[in-house]
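Trainee: Pasting in a structure now, in C-alpha cells, and then I'll have a few things to ask.
All of the numbers you see were taken from the coordinates with simple rules; none came from a lab. Note that this is a predicted model, so its numbers are computed, not measured. Cβ sites come from the backbone with ideal geometry, for glycine too, and all protein chains shown count toward neighbours.
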Amino acid sequence: MLWIKAFHIISMVIWFSGLFYLPRLFVYHASSRDAKMNERFLLMEKRLYYFVTHPAAALTLVFGIALIYLNGSPILHTAWLQLKLGLVFLLLAYQFYLGFVLRSFSRNRNRHSAVFFRWINELPTLALIGIVFLVVLKPLFS
Amino acid sequence: MLWIKAIHIIALVAWFSGLFYLPRLFIYHTKWKDQVSHEHFKIMEKKLYYYITTPAGVLTLIFGFWVMSYNFSGYLQEPWMHVKLTLVFLLVIYHAYLGKVVAAFQQDKNKHKMGFYHFLHALPALFLILIVILAVVKPGGVIS
C-alpha cells in the first residue's frame, strides 16, 4: 500500500506541474501579438496538456482510487476524505476548463486577457494547499 | 509538526513544477532561435527561476529541516533519510546549475544543444520518484 501511496504522490506532483504552468503559458500567449510566437505557444500548451497533465491526472486518480479500495469503504465516511474528494472534483473541472481554453486558443478565439489567466493561475495553488492540509492533518479532522 | 510537514509538501510541489518546466523551456529556447522567441523565453525562464523555483526550493528546505528538528537524532539514524538527504543535496546542485543556464541564456551565451537539455529534463523526474519512495515507504526505517 505504501508503494501505491508513493506512486499516487509522484503522479500528483507531475499533475500539478502541468496545472501550474499551463495557465502561465496562457498569460504569455494572451499578451503576445506575434503570429509565429502564438503558434509556438499553442504547441507548448498542447504538449503540456495532452502529454503531461492528462496522463498524470489519470495516474493520480487510478492510484488514489486503489488506495481507497485497499483502505476499505469506511474511509469514505471520514470528513477529511469527503472534503478532499470535493476539492479533487473541482480540480478536474478546472482541468477541463483549461482544455476548453486551449481549444479556443487553437481556433484563434480566445477572449480572455492575460490578467484573467493570472487570476485563474492561483486556483490550483488553493486546491493544493487545501488537499495537502486535509491529508496531512487528517487526525484533526476525524 | 504536521502543519510544518504539510507546508514542506506544498513547497515541494511548487519547487518541482519549476524544476520540470525550466529545462522544457531550455529545449524550446534552443529549438526556436529567432529574436522574438529568444526575448520571450528569456523572460519566461527568469520569472520561473527567480520567482517560483528558487523561493519554493528554499521553503522546501527550511520546512524540511524544521520537520527533522523535532526528532533530529532519530531521523539521522534512519538509513532512508541518509539517501534522501544525499538526493536533496544533488537536487540543490541541479537547481543551481539551472540558474547558471538561465544566466547564460540571458547573456546570449548558451553553448548547449537541444539534446543536452532533453537529458537535463529527464533528471528531476528521477529525483522525484526516488525521494518520494524513500519518504513514503521508508525502507529499513523505524520512524513511521
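Trainee: For the protein assembly as shown, what D do you get in µm² per second when you plug the Kirkwood radius from alpha-carbon pairs into Stokes-Einstein at 37 °C and 0.692 mPa s?
Mentor: The Stokes-Einstein estimate is 164 µm²/s.
Trainee: Can you tell me which of B:Val102, B:Val132, B:Val67 moves the most in a GNM of chain B? Springs connect C-alpha atoms under 10 Å apart.
Mentor: B:Val132
Trainee: Further question on the same structure: I need the phi-derived Karplus couplings for the range B:12-17: 6.51 cos²θ - 1.76 cosθ + 1.60, θ = phi - 60°, integer Hz, Gly and Pro marked x.
Mentor: These are the phi-based 3J(HN,Hα) values: 4, 5, 5, 4, 5, 4 Hz.
Trainee: Build a GNM of chain A with springs between Cα atoms under 10 Å: which of A:Leu42, A:Leu83, A:Leu25 gets the top mean-square fluctuation?
Mentor: The residue that fluctuates most here is A:Leu83.
Trainee: Let me ask something else about it. Over chain A, what is the relative contact order in percent, taking alpha-carbon pairs closer than 8 angstrom and at least six residues apart?
Mentor: This gives 38 percent for chain A.
Trainee: Just need the relative contact order of chain B here, percent rounded to a whole number, with Cα pairs under 8 Å and 6+ apart.
Mentor: Once divided by the residue count of chain B, the mean separation gives 38 percent.
Trainee: For chain B, modelled as a Gaussian network with Cα springs under 10 Å, which listed residue fluctuates most, B:Ser17, B:Ser73, B:Ser37?
Mentor: Sorting by GNM fluctuation, first place goes to B:Ser73.
Trainee: Which pairs, out of A:Lys138/B:Lys100; A:Lys84/B:Lys138; A:Lys5/B:Lys111; B:Lys42/B:Lys138, put more than 29 Å between their alpha-carbon atoms?
Mentor: A:Lys138/B:Lys100; A:Lys5/B:Lys111; B:Lys42/B:Lys138
Trainee: With labels modelled as points extended 7 Å from the Cα through the Cβ direction, what inter-label distance (nm, one decimal) is found for B:Leu130 paired with A:Ala93?
Mentor: In this crude spin-label approximation the distance works out to 4.1 nm.
Trainee: Do any trypsin sites (Lys or Arg not before Pro) in the range B:38-116 lie in a DSSP loop with no more than 14 other beta carbon atoms within 10 Å, and if so, which?
Mentor: B:Lys109, B:Lys111, B:Lys113
Trainee: Something else now. Output needed for chain B: three equivalent-ellipsoid semi-axes, defined as square roots of 5 times the C-alpha gyration tensor eigenvalues, in descending order, whole Å.
Mentor: Largest first, chain B gives 34, 15, 11 Å.
Trainee: In 10 Å bins starting at zero, report the fraction of Cα pairs in chain A per bin as a rounded %.
Mentor: Histogramming chain A at 10 Å steps yields 11, 39, 28, 15, 6, 1 percent.
Trainee: I'd like the FRET efficiency for B:Val142 and A:Leu83, computed as 1/(1 + (r/R0)^6) with the beta carbon distance as r and R0 of 41 Å, rounded to 0.05.
Mentor: Once the sixth-power term is evaluated, E becomes 0.80.
Trainee: Per 5 Å bin from zero, what fraction in whole % of the C-alpha pairs of the range A:8-59 is there, up to the bin with the longest pair?
Mentor: The calculated distribution, bin by bin, is 5, 23, 27, 18, 13, 8, 5, 1.
Trainee: Right, here's the next one. With an 8 Å Cα cut-off and a minimum separation of 6 or more residues, compute the relative contact order for the range A:15-79 in percent.
Mentor: 40 percent
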